[in-house]
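Q: Just dropping this structure here.
The values are calculated or read from the model by the stated rules, or taken from the named source; none is laboratory data. Note that the coordinates shown come from a computational prediction; the quantities given were computed from them, not determined experimentally. Note that each Cβ is placed from the backbone with ideal geometry, even for glycine, and that neighbours are counted across all protein chains shown.
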Amino acid sequence: MYTKNKMAKKALIISVKEPNAHKKAAEIVKSGGIIICPTETVYGFAGGVFDDFARQKIYSIKGRNYKKPLVIMAGDINSVKILAEIPQKVFKLIKHFWPGRLTLIFNTTPLGKILSGGRNNIGIRIPDHKFMLDFLKTANIPLWTTSVNISGKESAKSFKQTLKFAHKVDAIVDGGNCQYSFESTVIDVTSFPYTVIRKGSLDTNEILKRL
């Protein structure tokens, strides 16, 4: 059984090539640990969405202002519906771009508001990355995530760039270099017309065609 790292020892390194990599990662986050994991965009810190200590620890490691929200990664649309109110028009975007490089900001459900510390909106993405989808399915919980960096600095796009945080997290999943090496595109869909909050690796023109 995994024991959470309380002594700031060097992180466990897990390769995505290991047959049980996703199971090891799931066990760690379900035990309250923080991991660094690869996605198709950039590497991210991750902790269980129902663990407020994990959420606070991610803020601390990153040096992130608490006014800036974290993003939730979910494994399926049912997990999203528990946390966010999805406008009917947005299902067209979801059908075409999830799993993928699109983060959508929704109004929170009552549970989503509690878990996010009282926020009225929340950003969510379903990643298009085999390890991450296997990990999310096995953990059976959404994850609090944010890019691996000190707040305001460049995001980690390779396993090597994550190693500076090896004494601050419980595990690092080695997925090599990220496929796109650029953050996801972020769109606020809490009200119409929708607003592009951040241009990212998914072309906004492609998104607009689907509205």
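Q: Out of region 97-152, which residues are among the hydroxyl-bearing types (Ser, Thr, Tyr) and more than 25 Å from SER201 (Cβ to Cβ)?
A: Answer for region 97-152, where residues must be among the hydroxyl-bearing types (Ser, Thr, Tyr) and more than 25 Å from SER201 (Cβ to Cβ): THR108, THR109, THR138.
Q: Taking interchain pairs and intrachain pairs at least six residues apart, which have beta carbon atoms under 9 angstrom, with the first residue in region 83-107 and without any contact (Cβ under 8 Å) to a residue 12 or more places away in the chain and the second hydrophobic (A, V, I, L, M, F, W, C)?
A: Pairs found: PHE91/ILE77.
Q: In addition: Just to verify a result, which residue in region 63-80, among those that are more than 14 Å from the chain's Cα centre (by Cα) and touching a residue at least 12 places away in the same chain (Cβ under 8 Å), is farthest from LEU111 (Cα to Cα)?
A: At the first step, the residues of region 63-80 found to be more than 14 Å from the chain's Cα centre (by Cα) are 63-68, 77-78.
Retained after the next criterion (residues that are touching a residue at least 12 places away in the same chain (Cβ under 8 Å)): 63-66, 68, 77.
Working: GLY63: 26, ARG64: 23, ASN65: 22, TYR66: 19, LYS68: 19, ILE77: 16 Å.
Here the residue is GLY63.
Q: Could you list, in sequence order, all residues of region 21-50 that are assigned to a loop (DSSP other than H, G, I, E, B) and under 24 Å from TRP98 (Cβ atoms)?
A: PRO38, THR39, GLU40, THR41, VAL42, TYR43, VAL49, PHE50, listed by residue number.
Q: Would you be able to tell me the number of residues in region 80-105 that are in a strand (DSSP E or B) and among the β-branched types (Val, Ile, Thr)? Show your work before the answer.
A: First, the residues of region 80-105 that are in a strand (DSSP E or B): 84-85, 102-105.
Then drop every residue that is not among the β-branched types (Val, Ile, Thr), which leaves 103, 105.
Looking only at that region, the number is 2.
Q: Given (1) over 14 Å from the mean Cα position of the chain (by Cα); (2) closer than 25 Å to GLN161 by Cβ, where does TYR43 come up short, assuming only one miss?
A: It fails just one condition, (1).
Q: Let me confirm something: among ILE172, ILE187, ILE207, which residue is surrounded by 12 or more Cβ atoms within 10 Å (Cβ to Cβ), touching a Leu at 6+ places or on another chain (Cβ under 9 Å) and in a helix (DSSP H, G or I)?
A: Going through ILE172, ILE187, ILE207 in turn, the sole match is ILE207.
Q: Could you look through region 115-129, keep only residues that are assigned to a loop (DSSP other than H, G, I, E, B) and among the charged types (D, E, K, R), and pick out the one that is modelled with the lowest pLDDT?
A: Looking at residues that are assigned to a loop (DSSP other than H, G, I, E, B) and among the charged types (D, E, K, R), I get ARG119.
Q: Can you tell me how many residues within region 130-157 are touching a Gly at 6+ places or on another chain (Cβ under 7 Å) and either part of a loop (DSSP other than H, G, I, E, B) or free of Cβ contacts under 8 Å to residues at least 24 places away in the same chain (or both)?
A: Final tally of qualifying residues: 4.
Q: Within region 67-79, which residues are part of a helix (DSSP H, G or I) and touching a Pro at 6+ places or on another chain (Cβ under 8 Å)?
A: Of everything in region 67-79, just one residue is part of a helix (DSSP H, G or I) and touching a Pro at 6+ places or on another chain (Cβ under 8 Å), namely SER79.
Q: Next question, about the same structure. Before we move on, is ILE61 out of contact with any Pro (no Cβ under 6 Å at 6 or more places or on another chain), assigned to a helix (DSSP H, G or I), of a type outside the set (Gly, Ala, Ser) and under 27 Å from LYS164 (Cα atoms)?
A: Yes, satisfied.
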